[in-house]
Amino acid sequence: MLTGEIRSQIDAIWNAFWSGGIANPLEVIEQITYLLFLRRLDDLHTLEENKANRLKRPMERRVFPEGQDPKKRPYDELRWSRFKNMEAREMFEVVSEHVFPFLRTEFLSNYGDGSTYAHHMKDARFTIPTPSLLAKVVDLIDQVPMDDRDTKGDLYEYMLSKIASAGQNGQFRTPRHIIQLMVELTAPVPKDVICDPASGTCGFLVAAGEYLRGHHPEIFRDADLKQHFHHGMFHGFDFDGTMLRIGSMNMLLHGVDNPDVIYRDSLAQDHAGEDEKYTLVLANPPFAGSLDYENTAKDLLQIVKTKKTELLFLALFLRLLKPGGRAAVIVPDGVMFGSSKAHKELRKILVEEQRLDAVVKLPGGVFKPYAGVSTAILLFTKTNSGGTDHVWFYEVEADGWSLDDKRQPLLPEEKLGAVPKLELVDEEHAKNNLPDVLARWGQREGRERERLRTDQSFCVPKAEIAENGYDLSLNRYKEVIHEEVEHVPPQEILATLAELEDKIQQGMKELKEMLG
């Protein structure tokens, strides 16, 4: 958890950019990402130097080569530990004219060898406008403690939260507590191969990694599992270069050495080589409307012929998952009850051909202030042979935060999220349902089967869903408790009104007598 001091340091960095003329929050986070990357490269080079000195032999791998760059500047002067001590104008000249060209060329060819981070630096653009701003930001970043993995990860998450609070760019960020819930529901295991086909800042992949660190520490004591964790487990697709860089840095600062975070237009490119490759899909893809058939991957149209992006993404998840693979994905409510042929067909596939495990309806304000759309989490397992028995429904009424545009916390930090640090008392459930979702998810094949349709969660048999045209909207099956109202016969109502009128008349008469 970040201390108040570190938060203040990050706020100071952010404010320096804003007062220095960079107002786009994505550009701010991108420039900070580059500078954090440069600081890390210097740390890696220093580690190699120390190792070589201890072993009294030449360095095996140099991040910064010996000699000079094409503009005759010694490569050694391109290191963070060197240029941070330079006068502002010289620092600006070194970073803009030497360091960034180095990242795009020599570094990529000498140190890239398939590294996600190196690959995404090939388009690095330096946009800090003045020497004074660069000097100020470098000084502030240099003071931030970066030795501890948890601190590094948390400070980057805190920076990313500033994207969400800055308006329209929040579309790239699913609330962290909703991500945590989805990861807890799917419970990743050490041999999983995890994919987010609309990865953005890689929040789902980061949360899955943190879950595994907490629940499966044996990963880091087994050479094969450790290799898989760092080089084979995490896969993210995006078609925005800025988000790929930001997402890659998020993974790096959370301690994943080489995730597969790559450029890919998930709906437009065919998925040869990606079919049935993943055991877990976690995603909140953008639902922007519709695509032209000509621009849609043909293998997705084989599953469902539609232009709707929300349906195409569901088809994509089915395409990517291995048999036995599972998914937790956010979809707009329209997927649940849409009446088009494609909507019904896809829901039928999930219920009849795969195993639909659950529908968790989220409150309408979860994505405010930048989206008010109603959504649900779909949880399913790919079987290609059916298996749906009962579908578990849960209506989340409160997620721990106010559901207005301000999205203020309703409980102390220790009682927020799906796995709060402190247990909630009964009355606090009304403010945060997420721990209850997780607890009842574990009972969905037992006691949850006995719950009434008037309860917050309940199970519906597959046959009933089929009878209802595979409608998956919770309100289709939920029963509402109607309070009994005592009905008074009309004659009694009229008599009461007449009596009331007599009293009013008598009161008026007495009032006139008093006034003379």
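The values are calculated or read from the model by the stated rules, or taken from the named source; none is laboratory data. Source: prediction; values computed, not measured. Note that each Cβ is placed from the backbone with ideal geometry, even for glycine, and that neighbours are counted across all protein chains shown.
Only one residue in 39, 54, 89 is modelled with pLDDT of 90 or more, in a helix (DSSP H, G or I) and closer than 26 Å to residue 116 by Cβ. Which one? Answer to the check: 39. Does region 445-454 contain any residue that is assigned by TED's automatic domain parsing to the domain that holds residue 422, aliphatic (A, V, I, L, M) and in contact with a His (Cβ under 9 Å, 6 or more places away or on another chain)? No, every residue in region 445-454 fails to be assigned by TED's automatic domain parsing to the domain that holds residue 422, aliphatic (A, V, I, L, M) and in contact with a His (Cβ under 9 Å, 6 or more places away or on another chain).
Of the residues making up region 477-506, those that are modelled with pLDDT of 80 or more and within 30 Å of residue 393 (Cβ to Cβ) are 477, 478, 479. Summed over region 187-223, the residues that are surrounded by fewer than 20 Cβ atoms within 10 Å (Cβ to Cβ), touching a residue at least 60 places away in the same chain (Cβ under 8 Å) and assigned to a helix (DSSP H, G or I) give a count of 0. Per the listing 479, 464, 448, the residue uniquely surrounded by 10 or more Cβ atoms within 10 Å (Cβ to Cβ), free of Cβ contacts under 8 Å to residues at least 60 places away in the same chain and not in a helix (DSSP H, G or I) is 479. The residues in region 330-349 that are in contact with a Leu (Cβ under 6 Å, 6 or more places away or on another chain) and either free of Cβ contacts under 8 Å to residues at least 60 places away in the same chain or among the small types (Gly, Ala, Ser) (or both) can be counted, and the count is 3. For region 397-419, the set of residues classified as under 18 Å from the mean Cα position of the chain (by Cα) and either closer than 22 Å to residue 186 by Cα or among the acidic types (Asp, Glu) (or both) consists of 399, 400, 416, 417, 418, 419, listed by residue number. The set of residues in region 331-363 being in a strand (DSSP E or B) and of a type in the set (D, E, K, R) consists of 355, 357, 361.
Could you say whether any residue in region 341-350 is more than 21 Å from residue 300 (Cα to Cα) and buried (at least 17 other Cβ atoms within 10 Å of the Cβ)? No: region 341-350 contains no residue that is more than 21 Å from residue 300 (Cα to Cα) and buried (at least 17 other Cβ atoms within 10 Å of the Cβ).
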